[in-house]
Amino acid sequence: MKIAYADPPYLGCGRRYYNRPEWDKVETHQALISKLIDEFPDGWALSLHTPSLQVILPMCPTDIRIAAWVKPYSGASYPNINPIYAWEPVIYRGGRKGRDNQSTVDWISQSCPKSNDFVGQKPRKFCLWLFALLGLRPDDHFVDLFPGSNAVGAAWSEFINDQTAQQPLFA
């Protein structure tokens, strides 16, 4: 299977965090979703933030599902934000239904990486959950469309090695 993961600059955050103002445009996200649909018919996943869910969801096919990355509250103070955004949606489509008779829940609770040197970096446990959510196997062709910190790529390499050695997924 050929599966993609897209973690673009979130709608409205492109200029602020990445100096990528094109990602502040709805049309750029629409083009990304069209690319996912056209080039990855086996499956794909797309990370976004809750403020953009209402805008991006109607761009998606009707057979998508929504999963949640719950980020436990760190106790940090966020002036003028209440309630705090403590989860992120992950829109996904396709993939394998079930993986070696294991079930995967459609949410994960995992804090952001402690040494988050790259805005938006995903934690290892999130990546492994994403691979399970899509039912990935080591012989699948996995494409990280926004490699950024390469945390997802590193987790994919680890996943391939662990699965080949028959290690448990969430050890």
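Of the two radii for the chain, the radius of gyration is 0.95 times the Kirkwood radius, both from the alpha carbons; that is the Rg over Rh value.
For segment 2-164, DSSP calls about 50 percent of its internal beta bridges antiparallel.
Per-residue ellipticity at 222 nm from helix content only, as computed over the chain with -39500 (n - 2.57) for each DSSP H run of at least four residues, stands at -8000 deg cm²/dmol.
Close lysine pairs were tallied over the chain: pairs 8 or more places apart or on different chains with Cα atoms under 30 Å apart number 21. Between 81, 69, 59, the Cα set farthest toward the positive side of the dipole of segment 2-95 (charges on each charged residue's Cβ, about the Cα centre) is that of 81.
By the combined test of axial Cα extent (at least 15 Å) and Kyte-Doolittle hydropathy (mean at least -1.0), the qualifying DSSP H helices of the chain come to 26-39, 151-164. Residue separation of residue 125 and residue 50 scaled by 0.36 nm, minus their Cα-Cα distance, works out to 24.9 nm of gained length. Once the chain from residue 157 to residue 84 is taken as fully extended at 0.36 nm per residue, the excess over their C-alpha distance is 22.9 nm. If r is the Cβ-Cβ distance from residue 63 to residue 19 and R0 is 41 Å, what FRET efficiency results, to the nearest 0.05? Efficiency for this residue pair is about 0.70.
Since every read-out is calculated from the coordinates, none of them should be taken as a lab result. The shown structure was predicted, so the numbers you read here are calculated from the model rather than taken from an experiment. Glycine also receives a Cβ, built like all others from the backbone with ideal geometry; neighbour counts cover every protein chain displayed.
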